[in-house]
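Asker: Starting off with a structure, shown below.
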Amino acid sequence: MAKIIKKGIWILICATLGFVFLLPFLWMISTSLMATEQIVKYPPDLIPSPVTLRSFKYIFENTKFFTYLKNSCIITSINIIGTVVSTTLVAYGFAKYDARLKGLWFTLLMSTMMIPYFVTIIPQYNIYAKLNLINTFVPLTLPNILAGSGFSIFLLNQFFKDFPREIEEAARIDGCSEFGILFRIVIPNAKAILFVVAIFMFVWTWNDYFGPAIYLSDQNKYTLSIGLTFLNSSISGYQDALDQGPVMAMALLSVLPIIILYACFQKYFVKGIIDSGIKG
């Protein structure tokens, strides 16, 4: 009986905490479906009545939502592909091959994870400015194409170190090349951890605000995060300023891909974390 009561208490606590964390998301959905009169009303209503899609209609007709969406998809896709390919090669090299000072170089590589992004933004901006690459997607994608994600390298390195060497040796005896071993044997067994790397890069790039805000000045090149801020600042007039329906609608559409992705592939995400050797 005591175990049942204890389990029930834990379920109640988890359900309460889950609701608290979910409340802002529910509020965003509710506000995006409300009419202006309901949003500016005090005290505020919690449930839209009647339900209206006028906020979604507003952003489709008065903003460049699909341009922002296209730009976010382009940058995110390049970063995911570039990160998966480049970090796989780097991590596999560190995990499977010996070289002079390999430990030192790997330590230096991992130490870059300790350096705040904001510390390097000024010298990076100066470099891209001298190369005339400001207001392009290059500053937002080139670092990841060149294996700039130390965390991704760390995850993959943990997996590759534990991959059985016997399988690789058997492949070498059969005449398989080093790239053949990597792409035909190791990578097919690393799909889960590669998916985790892709998920982390997707979330980071999709939600990134600071990078696009620094490097992009043309509205036609804005991402969803910048477009959302631009929409919020462009709403004028007393009544419209209090009407956050369009902002909430765009925020909902922006976060929806992440929620759907995680809901559909949660089991692969968990499996990838376990396979990497990192257990919480």
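The values are calculated or read from the model by the stated rules, or taken from the named source; none is laboratory data. On a predicted model such as this, the values are computed, not experimentally measured, just so you know. Note: ideal-geometry Cβ built from the backbone for every residue, glycine included; neighbour counts use all protein chains shown.
Asker: For region 234-244, which residues satisfy the criterion of being surrounded by 19 or more Cβ atoms within 10 Å (Cβ to Cβ) and either among the polar types (S, T, N, Q) or modelled with pLDDT of 85 or more (or both)? Can you show your working first?
Answerer: Of all residues in region 234-244, those surrounded by 19 or more Cβ atoms within 10 Å (Cβ to Cβ) come to 243-244.
Residue satisfying the conditions is Gln244 alone.
Asker: Go over the candidates Leu140, Leu101 one by one and state the one that is more than 28 Å from Asn189 (Cβ to Cβ) and in contact with a Pro (Cβ under 7 Å, 6 or more places away or on another chain).
Answerer: Details: Leu101 fails: in contact with a Pro (Cβ under 7 Å, 6 or more places away or on another chain).
Residue meeting the stated conditions: Leu140.
Asker: Let me ask something else about it. Restricting to region 111-150, and then to whatever is of a type in the set (Gly, Ala, Ser) and outside any helix (DSSP H, G or I), can you tell me which residue is surrounded by the most Cβ atoms within 10 Å (Cβ to Cβ)? Outline the logic, then answer.
Answerer: As a first pass, look at region 111-150 and keep what is of a type in the set (Gly, Ala, Ser): 111, 129, 147-150.
With outside any helix (DSSP H, G or I) added as a condition, the list becomes 147-149.
Details: Ala147: 19, Gly148: 17, Ser149: 25.
This residue is Ser149.
Asker: Taking region 1-43, which residues are outside any helix (DSSP H, G or I) and more than 12 Å from Gly245 (Cβ to Cβ)?
Answerer: The initial filter retains those residues of region 1-43 that are outside any helix (DSSP H, G or I), namely 1, 33-35, 40-43.
Correct list: Met1, Lys41, Tyr42, Pro43.
Asker: What residue, of Asn135, Asn144, Asn189, Asn157, is among the polar types (S, T, N, Q) and in contact with an Asp or Glu (Cβ under 6 Å, 6 or more places away or on another chain)? I'd like the intermediate steps shown before the answer.
Answerer: Numbers: Asn144 fails: in contact with an Asp or Glu (Cβ under 6 Å, 6 or more places away or on another chain); Asn189 fails: in contact with an Asp or Glu (Cβ under 6 Å, 6 or more places away or on another chain); Asn157 fails: in contact with an Asp or Glu (Cβ under 6 Å, 6 or more places away or on another chain).
Every option except Asn135 fails the conditions.
Asker: Only one of Ile173, Ile181, Ile185 is without any contact (Cβ under 8 Å) to a residue 40 or more places away in the chain and loosely packed, with under 15 Cβ neighbours inside 10 Å. Can you tell me which? Write out each step before concluding.
Answerer: Values: Ile181 fails: loosely packed, with under 15 Cβ neighbours inside 10 Å; Ile185 fails: loosely packed, with under 15 Cβ neighbours inside 10 Å.
Just one listed residue meets the conditions, Ile173.
Asker: For region 188-233, give me the residue count where each residue is of a type in the set (Ser, Thr, Tyr), surrounded by fewer than 19 Cβ atoms within 10 Å (Cβ to Cβ) and part of a loop (DSSP other than H, G, I, E, B). I'd like the intermediate steps shown before the answer.
Answerer: So the first thing to find is which residues in region 188-233 are of a type in the set (Ser, Thr, Tyr), and the list is 205, 209, 215, 217, 222-223, 225, 229, 233.
From the residues that got through so far, the ones that are surrounded by fewer than 19 Cβ atoms within 10 Å (Cβ to Cβ) too are 209, 217, 229, 233.
Checking which are part of a loop (DSSP other than H, G, I, E, B) leaves us with 209, 217.
Of the residues in that region, 2 qualify.
Asker: Against the definition (within 21 Å of Tyr209 (Cβ to Cβ) and of a type outside the set (Asp, Glu)), how does Tyr68 come out, yes or no?
Answerer: yes
Asker: Scanning region 70-79 for residues that are surrounded by fewer than 19 Cβ atoms within 10 Å (Cβ to Cβ) and of a type in the set (A, V, I, L, M, F, W, C), which turns out farthest from Ile199 (Cα to Cα)? Step through it out loud before you land on a result.
Answerer: Filtering region 70-79 down to residues surrounded by fewer than 19 Cβ atoms within 10 Å (Cβ to Cβ) leaves 70, 73-74, 77-78.
Checking which are of a type in the set (A, V, I, L, M, F, W, C) leaves us with 73-74, 78.
Numbers: Cys73: 14, Ile74: 16, Ile78: 13 Å.
If we take residues in region 70-79 being surrounded by fewer than 19 Cβ atoms within 10 Å (Cβ to Cβ) and of a type in the set (A, V, I, L, M, F, W, C), then Ile74 is farthest from Ile199 (Cα to Cα).
Asker: Does Tyr92 fit the bill of being surrounded by 18 or more Cβ atoms within 10 Å (Cβ to Cβ), aromatic (Phe, Trp, Tyr), farther than 15 Å from Phe202 by Cβ and out of contact with any Asp or Glu (no Cβ under 7 Å at 6 or more places or on another chain)?
Answerer: Numbers: surrounded by 18 or more Cβ atoms within 10 Å (Cβ to Cβ): yes; aromatic (Phe, Trp, Tyr): yes; farther than 15 Å from Phe202 by Cβ: yes; out of contact with any Asp or Glu (no Cβ under 7 Å at 6 or more places or on another chain): yes.
Considered against the rule, which asks whether it is surrounded by 18 or more Cβ atoms within 10 Å (Cβ to Cβ), aromatic (Phe, Trp, Tyr), farther than 15 Å from Phe202 by Cβ and out of contact with any Asp or Glu (no Cβ under 7 Å at 6 or more places or on another chain), Tyr92 comes out as yes.
Asker: Then there is this: Evaluate region 54-70: report whether one residue or more is assigned to a loop (DSSP other than H, G, I, E, B) and within 30 Å of Met201 (Cα to Cα).
Answerer: Kept after step one, since they are assigned to a loop (DSSP other than H, G, I, E, B), are these residues of region 54-70: 63-64.
Of the ones still in play, those that are also within 30 Å of Met201 (Cα to Cα) are 63-64.
The answer is yes; a qualifying residue exists.
Asker: When region 245-280 is examined, which residues are found to be buried (at least 18 other Cβ atoms within 10 Å of the Cβ) and either small (Gly, Ala, Ser) or at pLDDT below 65 (or both)?
Answerer: Scanning region 245-280 gives Gly245, Ala249, Ala251, Ser254, Gly272, Asp275, Ser276.
Asker: Name the residues in region 63-84 that are free of Cβ contacts under 8 Å to residues at least 24 places away in the same chain and either within 21 Å of Gly150 (Cβ to Cβ) or more than 23 Å from the chain's Cα centre (by Cα) (or both), would you? Working first, answer last.
Answerer: So in region 63-84, the residues free of Cβ contacts under 8 Å to residues at least 24 places away in the same chain come out as 66, 70, 73, 77, 81.
The answer is Ile81, and nothing else.
Asker: Name, by its number, the condition in (1) among the hydroxyl-bearing types (Ser, Thr, Tyr); (2) at pLDDT below 90; (3) over 30 Å from Leu23 (Cα atoms) that does not hold for Tyr58.
Answerer: It is condition (3) that Tyr58 fails.
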